[in-house]
Amino acid sequence: MRKIIIAGSAFFYKEALNIKNELENNNYIVIDYPKKINDSNEIEYKEAYETFYENLSKTDDLLLLNLDKKGIEGYIGYESFAELSNLVVKKIQVDKNHKIYIYKMPSKEVGCYDEIVHFLELGYIELYK
């Protein structure tokens, strides 16, 4: 079974839990996913952030759960783009077998839209089916 991480905003922790269950029903081992955290608790936030990046080094695949947020279709925040980029670099340098998915195509309003389009064109990432 392949290991996968669900990346994305903690704002979508409920949706992430549903996707986690769907992936587990399709023989994935979900090793991390967005969880509700207290942003005002610096220690909790730091631990969640560091654990997430440690898990990125252990995963086979990544699904960026980029749902609509702030009136923007397929929103991708800076942290989520950093997590996705981290695995793209790993895919290029270390393990070409990583699968990297984005849940949906972001709108052109998303700050990293052009980079996402390039990653798709180059085959580094693909849309989730």
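The values are calculated or read from the model by the stated rules, or taken from the named source; none is laboratory data. All of these numbers come straight from a predicted model, not from anything done at the bench. Glycine also receives a Cβ, built like all others from the backbone with ideal geometry; neighbour counts cover every protein chain displayed. Just so you know, the surface numbers come from the protein's heavy atoms only, side chains and all, with ligands and any DNA or RNA stripped out. Shrake-Rupley method; radii C 1.70, N 1.55, O 1.52, S 1.80 Å.
Step through the table entries 3/99; 46/129; 96/129; 14/70; 46/70, compare each Cα-Cα distance with 22 Å, and write down the pairs that go over it. Show your work: numbers first, answer last.
On the way: 3/99 10 Å; 46/129 32 Å; 96/129 20 Å; 14/70 17 Å; 46/70 24 Å.
In this structure, 46/129; 46/70 exceed 22 Å between Cα atoms.
Spin-label model, residue 122 to residue 2: label points 7 Å out along the Cα-to-beta-carbon direction sit 2.0 nm apart.
When the chain is fully extended, how far beyond the present Cα-Cα distance does residue 78 get from residue 24, taking 0.36 nm per residue of separation? Each step should come with its number before you reach the end.
On the way: separation 54, 0.36 × 54 = 19.44 nm, distance 2.73 nm.
Stretched out fully, the residue 78 to residue 24 stretch lengthens by 16.7 nm.
Report, in debye and to the nearest 20, how large the dipole of segment 70-129 comes out about its Cα centre when Lys and Arg carry +1 and Asp and Glu carry -1 on their Cβ.
Working: 8 positive and 9 negative charges, 47 e Å.
With Lys and Arg at +1 and Asp and Glu at -1, about 220 debye.
Label residue 11 and residue 69 with points 7 Å out from Cα along Cα→Cβ: what is the distance between them in nm? Rounded to a tenth, the inter-label distance reads 0.5 nm. Binning the alpha carbon pair distances of segment 2-57 at 5 angstrom intervals from zero yields the distribution 4, 20, 27, 24, 16, 6, 3, 0, expressed in whole percent.
Only protein atoms count toward the accessible area here, which uses a 1.4 Å probe; on the chain, the carbon and sulfur part of that area reaches 50 percent. DSSP beta bridges confined to the chain are antiparallel in about 5 percent of cases.
With a cut-off of 14 Å between beta carbons, the residues surrounding residue 87 carry a summed charge of -2, where Lys and Arg count +1 and Asp and Glu -1.
Does segment 43-107 come out rounded, prolate or oblate, given a ≥ b ≥ c as the square roots of the eigenvalues of its C-alpha gyration tensor, rounded meaning a/c under 1.5 and, failing that, prolate meaning a/b above b/c? Provide the component values of the computation, followed by the final result.
On the way: a/c = 2.51, a/b = 1.21, b/c = 2.08.
Since a/c reaches 1.5 but b/c is at least a/b, the shape of segment 43-107 is classed as oblate.
Between residue 36 and residue 89, what FRET efficiency follows from the Cβ-Cβ distance if R0 is 41 Å, with the result rounded to 0.05? Walk me through the intermediate numbers first.
Values: r = 29 Å, r/R0 = 0.70.
That gives a FRET efficiency of 0.90.
Heavy atoms of the protein chains alone define the surface here; on that basis the chain has 59 Å² accessible area per residue at 1.4 Å probe size. Remark: the chain carries a charge dipole of roughly 340 debye about the Cα centre, counting +1 on each Lys and Arg Cβ and -1 on each Asp and Glu Cβ.
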